[in-house]
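Enquirer: Sharing a structure below in structure tokens format, with a few things to ask.
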Amino acid sequence: MSKDVFDFLAANRPFYLATVEGAAPKVRPMGFLMWHEDKIWLGMGDHKNVYKQIKANPKVEIATTNPDSSWLRVFGSLEFVDKPGLFELALETMPQLKDIYPEGGPRMGIGYLKEATAQFVNIRGEVTKTVNF
């Protein structure tokens, strides 16, 4: 069922990722995600504050909405993985990443959502479906 979550996020970019720095929430738009090994993967530069915030506290929340004003809220943890071939798979998913992360430049941290709950919510604020993954 997490594929339903992925499909909603992919169709409604940017989605917004929230992290914590100290006691303050930090939210930013994100565009990269990929489906691999039946998991939702996100990526960001390992030189960015968002990466450092997640390394310090892996709890994240994601939200986005579609044109019909229904929306999706996902909360869980993001676990970074350093695995051969993962960045190449990210490049296949989004080729323009090569310009952002050239060889010898900043690296892209890639991680998957785990211990997550997604809530699909209608325009009235009613949860219409919950997915745990």
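Enquirer: Looking at ILE54, ILE100 in this structure, which one is of a type outside the set (Ser, Thr, Tyr) and at pLDDT below 95? Give the derivation first.
Expert: Values: ILE54 fails: at pLDDT below 95.
From the options ILE54, ILE100, the qualifying one is ILE100.
Enquirer: So, MET94, is that one over 27 Å from GLY125 (Cα atoms), among the hydrophobic types (A, V, I, L, M, F, W, C) and surrounded by fewer than 16 Cβ atoms within 10 Å (Cβ to Cβ) or not? Steps first, please.
Expert: Numbers: over 27 Å from GLY125 (Cα atoms): yes; among the hydrophobic types (A, V, I, L, M, F, W, C): yes; surrounded by fewer than 16 Cβ atoms within 10 Å (Cβ to Cβ): yes.
Yes, satisfied.
Enquirer: OK, next. Of all the residues that make up segment 101-128, how many are among the polar types (S, T, N, Q) and either under 19 Å from MET34 (Cα atoms) or in contact with a Pro (Cβ under 8 Å, 6 or more places away or on another chain) (or both)?
Expert: Here is the first cut: in segment 101-128, the ones among the polar types (S, T, N, Q) are 117, 119, 122, 128.
With the extra rule that they be either under 19 Å from MET34 (Cα atoms) or in contact with a Pro (Cβ under 8 Å, 6 or more places away or on another chain) (or both), the set shrinks to 117.
Count: 1.
Enquirer: Turning to a different aspect of this structure: Which of (1) free of Cβ contacts under 8 Å to residues at least 12 places away in the same chain; (2) in a strand (DSSP E or B); (3) not hydrophobic (A, V, I, L, M, F, W, C) does TYR112 not meet, given it meets every other one?
Expert: (1)
Enquirer: Name the residue, out of SER77, SER70, that is surrounded by 12 or more Cβ atoms within 10 Å (Cβ to Cβ), within 12 Å of the chain's Cα centre (by Cα) and among the hydroxyl-bearing types (Ser, Thr, Tyr).
Expert: Values: SER70 fails: within 12 Å of the chain's Cα centre (by Cα).
Matching residue, one of SER77, SER70: SER77.
Enquirer: Then there is this: Between GLU61, GLU79, GLU88, GLU103, which is over 16 Å from PHE15 (Cβ atoms), assigned to a strand (DSSP E or B) and not β-branched (Val, Ile, Thr)?
Expert: One residue alone meets the criteria, GLU79.
Enquirer: Among the residues of segment 27-79, write down those that are within 28 Å of GLU126 (Cβ to Cβ) and of a type in the set (Phe, Trp, Tyr).
Expert: Across segment 27-79, the qualifying residues are TRP35, TRP71, PHE75.
Enquirer: Go through segment 10-29 and count every residue that is touching a Pro at 6+ places or on another chain (Cβ under 6 Å) and among the aliphatic types (A, V, I, L, M).
Expert: 1
Enquirer: Is it the case that segment 30-50 has a residue that's touching a Leu at 6+ places or on another chain (Cβ under 6 Å) and over 18 Å from ALA11 (Cα atoms)?
Expert: There is no residue in segment 30-50 that is touching a Leu at 6+ places or on another chain (Cβ under 6 Å) and over 18 Å from ALA11 (Cα atoms).
Enquirer: Another question about this same structure. Report every pair of residues separated by at least 6 positions or lying on different chains whose Cβ atoms are under 9 Å apart, first residue within segment 6-23 and free of Cβ contacts under 8 Å to residues at least 24 places away in the same chain and at positive phi, second surrounded by fewer than 13 Cβ atoms within 10 Å (Cβ to Cβ) and among the hydrophobic types (A, V, I, L, M, F, W, C).
Expert: Listed pairs, sorted by first residue: none to list.
Enquirer: Mind checking which residues of segment 91-100 are assigned to a helix (DSSP H, G or I) and farther than 17 Å from TRP35 by Cα?
Expert: Listed by number, the residues that qualify are LYS98, ASP99, ILE100.
Enquirer: While we're on this one: Given the residues PRO29, PRO25, which is the only one that is part of a strand (DSSP E or B), under 19 Å from LEU97 (Cα atoms), out of contact with any helix residue (DSSP H, G or I) (no Cβ under 6 Å at 6 or more places or on another chain) and not hydrophobic (A, V, I, L, M, F, W, C)?
Expert: On the way: PRO25 fails: under 19 Å from LEU97 (Cα atoms).
Selected residue: PRO29, the only one of PRO29, PRO25 that is part of a strand (DSSP E or B), under 19 Å from LEU97 (Cα atoms), out of contact with any helix residue (DSSP H, G or I) (no Cβ under 6 Å at 6 or more places or on another chain) and not hydrophobic (A, V, I, L, M, F, W, C).
Enquirer: Does ASN49 qualify as being surrounded by 13 or more Cβ atoms within 10 Å (Cβ to Cβ), polar (S, T, N, Q) and under 19 Å from ALA118 (Cβ atoms)? Give the steps one after another, and end with the answer.
Expert: Details: surrounded by 13 or more Cβ atoms within 10 Å (Cβ to Cβ): yes; polar (S, T, N, Q): yes; under 19 Å from ALA118 (Cβ atoms): no.
No; evaluated as a whole, the condition is false for this residue.
The values are calculated or read from the model by the stated rules, or taken from the named source; none is laboratory data. The shown structure was predicted, so the numbers you read here are calculated from the model rather than taken from an experiment. So basically every Cβ, Gly included, is an ideal-geometry build from the backbone, and we count neighbours across all protein chains shown.
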